[in-house]
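This report refers to the structure that appears directly beneath it.
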Amino acid sequence: MSNFPFPALKIKGKSLLPVVQGGMGVGISAHRLAGTVALQGALGTISSVDLRRHHADLMAQTDRSRDKEKINHANLIALDREIKAAKAMADGKGMIAVNIMRAVAEYPAYVRQACESGADAIVVGAGLPMDLPELTAEFPDVALIPILSDARGIALILKKWMRRNRLPDAIVIENPQFAAGHLGAANLDEVSNPRFAFEQVLNEVFSLFESLGLERDRIPLIAAGGVHTHEQVKALMEMGASGVQLGTPFAVSAEGDAHPEFKKVLTHAKKEDIVTFMSVAGLPARAVRTPWLSTYLEKLEKLQRNAKPKRCTVGFDCLTQCGLRDGIAKAGQFCIDTQLAFALKGDVKRGLFFRGSEPLPFGSAIRPVADLIDYLLTGIRPQFSADEGLVPAST
């Protein structure tokens, strides 16, 4: 860690490289990616969403099943396996976190399973995890890390948690203007609101800390959304961030758990190919305009006009609130689990491929996790082999 110019990211008494790998589902960040990141001395994150899809035996038992309890049980088994495999890969280095969406129906069960299986941290986004301290009370050594986009949300969490004598062990501040997947804004019009700018949010949070009697460095703040250059990392650290979180650049790394075609879709996407739309979870989301998404968006107005409650198409009601199942016209009208599962398999025609809006550090090249972390922290780009024939994207 002494080879890098930035201070260590300190979480729960552990010193880490100040680079966090974000959680990406379905199955995009599983044990191989998270374990590799942790092995480098950073924080690797497993996404808890529908991990059975990485396990042939569990899929054989549940692929055609509509038994909700059976599917949920299989996913808990898969989560246990993935955490233990990632920890074994990490060999005691870094930290292994599990990202759990507050919006998923099995959120409490996933939190408990992650703790019981030995996760070092629980990261929660897509909603305010007001009850996370209670859910993890039996596991005081597990770090708790909420993902929020503004000082208002952070204030709600801090005031609630402080009444329970608990503070977050870190907070991820995600800018919805640039991030991938589900975004921390109420609607599409809010996504690009300047109030989410990192400098403004960081300053507001430091003022909030002062008003609550907390030291400036008491809770590490991790900036997420659109980070793709060493210069950005340096600027964010100078603003007061303790680290940065990236999703898409890790998703396309050599060790990323997704299909090679998934990585190709993300690395070859042009700026005009990346669109923002409403997810079935009732949140804005950002992805690549693939054939399925293009067709879906063309039909969206009609789908929303005809929205009405219907039976869950995959049988296990993955979200507490689903636009398709619950007939919520203002939300998305598709099965998110199905479309993300297609993407995991590299099905370009039918998949939903979440991606951030910004260029990738190495253009269309697929490079190891170690190269990405080194570049972010030192600014030194890796040498590209002749057969790659690729150059890094301009910044």
Inset, instruction - Could you tell me whether any residue of region 8-19 is assigned by TED's automatic domain parsing to the domain that holds GLY94, buried (at least 19 other Cβ atoms within 10 Å of the Cβ) and without any contact (Cβ under 8 Å) to a residue 60 or more places away in the chain? - result: no
Inset, instruction - Might you check whether a residue that is among the hydrophobic types (A, V, I, L, M, F, W, C) and in contact with a Lys or Arg (Cβ under 8 Å, 6 or more places away or on another chain) occurs anywhere in region 27-36? - result: no
Inset, instruction - Collect the residues in region 238-262 that are surrounded by fewer than 18 Cβ atoms within 10 Å (Cβ to Cβ) and at negative phi, keeping them in residue-number order. - result: GLU238, MET239, ALA254, PRO260, GLU261
Inset, instruction - Could you give me the residue pairs with C-beta distances under 7 Å whose first residue belongs to region 324-352 and is assigned by TED's automatic domain parsing to the domain that holds LEU300, whose second residue is among the polar types (S, T, N, Q) and not in a loop (DSSP other than H, G, I, E, B) wherever it lies, and which are 6+ apart or on separate chains? - result: ALA329/GLN304; GLN333/GLN304
Legend entry - Hits in region 268-299 - residues which are among the acidic types (Asp, Glu) and surrounded by 12 or more Cβ atoms within 10 Å (Cβ to Cβ): ASP273
Inset, instruction - Output the number of residues of region 288-306 satisfying the condition of being in a loop (DSSP other than H, G, I, E, B) and either touching a helix residue (DSSP H, G or I) at 6+ places or on another chain (Cβ under 7 Å) or within 30 Å of LEU76 (Cβ to Cβ) (or both). - result: 2
Inset, instruction - Would you mind stating whether LYS349 is touching a Ser or Thr at 6+ places or on another chain (Cβ under 8 Å), more than 21 Å from SER29 (Cβ to Cβ) and at pLDDT 95 or above? - result: yes
Inset, instruction - State yes or no: is LEU128 surrounded by fewer than 22 Cβ atoms within 10 Å (Cβ to Cβ) and at pLDDT below 95? - result: yes
Inset, instruction - Kindly indicate which of ALA269, ALA241, ALA258 is closer than 26 Å to LEU344 by Cα and under 19 Å from the mean Cα position of the chain (by Cα). - result: ALA258
Legend entry - Filtered residues of region 15-54 (kept if under 18 Å from ARG367 (Cβ atoms) and of a type in the set (D, E, K, R)): ARG32
Inset, instruction - Would you point out which residue out of VAL49, VAL26, VAL37 is under 22 Å from PHE353 (Cβ atoms), out of contact with any Ser or Thr (no Cβ under 7 Å at 6 or more places or on another chain) and at pLDDT 95 or above? - result: VAL37
Inset, instruction - Run down PHE277, PHE262 and say which single residue is within 27 Å of ALA90 (Cα to Cα) and among the aromatic types (Phe, Trp, Tyr). - result: PHE262
Inset, instruction - Identify all residues within region 140-163 that are over 19 Å from VAL244 (Cβ atoms) and either of a type in the set (S, T, N, Q) or assigned to a loop (DSSP other than H, G, I, E, B) (or both); write none if there are none. - result: PRO140, ASP141, VAL142, ARG163
Inset, instruction - May I ask you to list the residues in region 37-89 that are free of Cβ contacts under 8 Å to residues at least 12 places away in the same chain and either crowded, with 23+ Cβ neighbours inside 10 Å or outside any helix (DSSP H, G or I) (or both)? - result: ASP63, ARG64
Inset, instruction - Taking only region 101-139 into account, find how many residues are over 20 Å from LYS14 (Cβ atoms), touching an Asp or Glu at 6+ places or on another chain (Cβ under 9 Å) and assigned to a strand (DSSP E or B). - result: 1
Inset, instruction - Go through the residues of region 69-84 one by one and say whether even a single one is more than 21 Å from GLY351 (Cα to Cα), touching a Pro at 6+ places or on another chain (Cβ under 9 Å) and of a type outside the set (Phe, Trp, Tyr). - result: no
Inset, instruction - Keeping to region 1-36, report how many residues are touching a helix residue (DSSP H, G or I) at 6+ places or on another chain (Cβ under 8 Å), in a loop (DSSP other than H, G, I, E, B) and aliphatic (A, V, I, L, M). - result: 5
Inset, instruction - Please report, ordered by residue number, the helices (runs of 4 or more DSSP H) entirely within region 164-272 with at least 3 residues that are in the same structural domain as GLY27 (by TED's automatic domain parsing) and of a type in the set (Phe, Trp, Tyr). - result: 198-211
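The values are calculated or read from the model by the stated rules, or taken from the named source; none is laboratory data. What you see is a predicted model, and the numbers here were worked out from it, not measured in a lab. Positions of Cβ are generated from backbone atoms using ideal geometry, with glycine treated the same way; all protein chains shown enter the neighbour counts.
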